[in-house]
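Following: one structure in structure tokens, then a few remarks.
The values are calculated or read from the model by the stated rules, or taken from the named source; none is laboratory data. The structure presented is a predicted model; accordingly, all values stated were derived computationally and were not measured. Note that we place each Cβ from the backbone using ideal geometry, even for glycine, and neighbour counts take in every protein chain shown. All accessible areas refer to the heavy atoms of the entire protein, side chains included, with ligands and DNA or RNA removed. Shrake-Rupley method; radii C 1.70, N 1.55, O 1.52, S 1.80 Å.
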Amino acid sequence: PCLILMNHTCFQDMEVAYRIMFPRPLNIVASNDGFIGFFGLMEWLMRTIGCIPTQKFVSDVRLVKDMDYCFKTLKSSVLMYPEACYSFDGTATTLPAKMGILLKKHDVPVVMIQTFGAFGRNPLYNELKIRRHVPITAKATLLYTREEIREKTVRELSEGIQNAFGFDHFRWQQEQGLKIHQPFRGDGLHRILYKCVHCGAEGTMEGRGTGITCGTCGKHWELTELGKLQAAEGETAIDHIPDYYSWEREQVRQEILEGRYKLDVEVDVAMQVDYKAVYKVGKGRLVHDNSGFKLTIGDGEGEYIQKPMAHYSLYADYYWYELGDVICLGDTDVHYFCFPPKDVSVAKIRLAAEEMYKLYKSRAISG
């Protein structure tokens, strides 16, 4: 048995993994919201095919025990997506800082599966459009032997995983000369590029067709067939989407440091307390600032507070189960799914949560 780590770029990732690992016995670490539905039937199906439920970005002792059971009792390998969420911008999302501890705990070889083309075929921001005509390939390599895991420190193991997950789909696409001709390649691009680099406005960007336009200043960029941004007129300040996303991250970081960052919006709220269904509980008020998250349900019937150091990242998703863009708050007992208005970027909220965690951890801010 081995631990299989895989980058997470689109819904086809699991299909790719099965093609590579079949007929090896395989269990898969999966988000527990994937077990919901059909009055418990979905849970039965997911467990039958070997999925292990866990909550994203939450320390889960039960998961460690379940994985240990798979390795030692079932003699089965375990597939894990340590990023926990699909990539927003075609690069690796934030990884747990101490993956090396998990490797030491289980003492099994570690295999890395890296996909190429999967993000371009079905990027999350693209509103679940028909899959693009992009071939997917993958490479499986032995990342660590058992002997190497025993010899290396936790820090060395964690840094090795961080390096293995360093990937930039858009740069790879350009290096390969891979052209994406679909006329809807810009649809939903505002889900990543929510802030205009030209005028600084937020919430008015719209990705449609083959480009993206700022509704405030009118600046328009085309997304070329090779995945670069090109201004229709004037200067193209940033032509690489991951660089644009990094610029937005830095902008959020500055807002936090200067005490200007604050989200205060009405949201639709749903809860998960079991695997039978997601239960809609009505309207709520979500506030996010340097104190963390505060969710108030209804007129005060319920309240949930999540401090900045509670999680190193945030579960955010686009068009979740075709309901809308969502962020998830919670712990091992309950999950709250919050659906903000369409002009609110869940990408920005995730960036803010990640940067706030880093700033508190480094003691750049306190509270």
The one condition ASP299 fails out of (1) open to solvent by 50 Å² or more (accessible area, probe 1.4 Å); (2) out of contact with any strand residue (DSSP E or B) (no Cβ under 9 Å at 6 or more places or on another chain); (3) closer than 21 Å to ARG191 by Cα is (3)
Counting only residues in region 310-341 that are under 20 Å from GLY188 (Cα atoms), at pLDDT 90 or above and assigned to a loop (DSSP other than H, G, I, E, B), the one most open to solvent (accessible area, probe 1.4 Å) is identified as PRO341
Screening VAL29, VAL108, VAL78 for residues that are touching a helix residue (DSSP H, G or I) at 6+ places or on another chain (Cβ under 9 Å), at pLDDT 90 or above, within 22 Å of PHE337 (Cα to Cα) and of a type outside the set (Phe, Trp, Tyr) leaves only VAL29
Exactly one of LYS294, LYS276 is open to solvent by 70 Å² or more (accessible area, probe 1.4 Å), farther than 14 Å from PHE339 by Cα and in contact with a His (Cβ under 9 Å, 6 or more places away or on another chain), and that one is LYS294
Of the residues in region 205-235, those that are farther than 23 Å from SER345 by Cα and aliphatic (A, V, I, L, M) number 2
In the set GLU354, GLU322, the lone residue that is within 18 Å of ARG260 (Cβ to Cβ) and charged (D, E, K, R) is GLU354
Condition set open to solvent by 10 Å² or more (accessible area, probe 1.4 Å) and out of contact with any Leu (no Cβ under 9 Å at 6 or more places or on another chain), scope region 99-119, selection farthest from GLY160 (Cα to Cα): answer is PHE116
Screening GLY234, GLY207, GLY211, GLY227 for residues that are open to solvent by less than 50 Å² (accessible area, probe 1.4 Å) and at positive phi leaves only GLY227
Per the filter on region 220-247, residues in contact (Cβ under 8 Å) with a residue 12 or more places away in the chain and in a loop (DSSP other than H, G, I, E, B) are GLU225, LEU226, GLY227, LYS228, ALA232, GLU233, GLY234, THR236, ALA237, ILE238, HIS240
Given the conditions (1) within 22 Å of PRO123 (Cβ to Cβ); (2) in a helix (DSSP H, G or I); (3) touching a residue at least 60 places away in the same chain (Cβ under 8 Å), every one holds for PHE71 apart from (1)
Looking across region 174-189 at residues that are touching a residue at least 60 places away in the same chain (Cβ under 8 Å) and under 21 Å from the mean Cα position of the chain (by Cα), the single one that is surrounded by the most Cβ atoms within 10 Å (Cβ to Cβ) is LEU189
Looking across region 248-270 at residues that are acidic (Asp, Glu) and assigned to a strand (DSSP E or B), the single one that is surrounded by the most Cβ atoms within 10 Å (Cβ to Cβ) is ASP268
When restricted to ARG47, ARG24, the only residue assigned to a loop (DSSP other than H, G, I, E, B) and of a type outside the set (Ser, Thr, Tyr) is ARG24
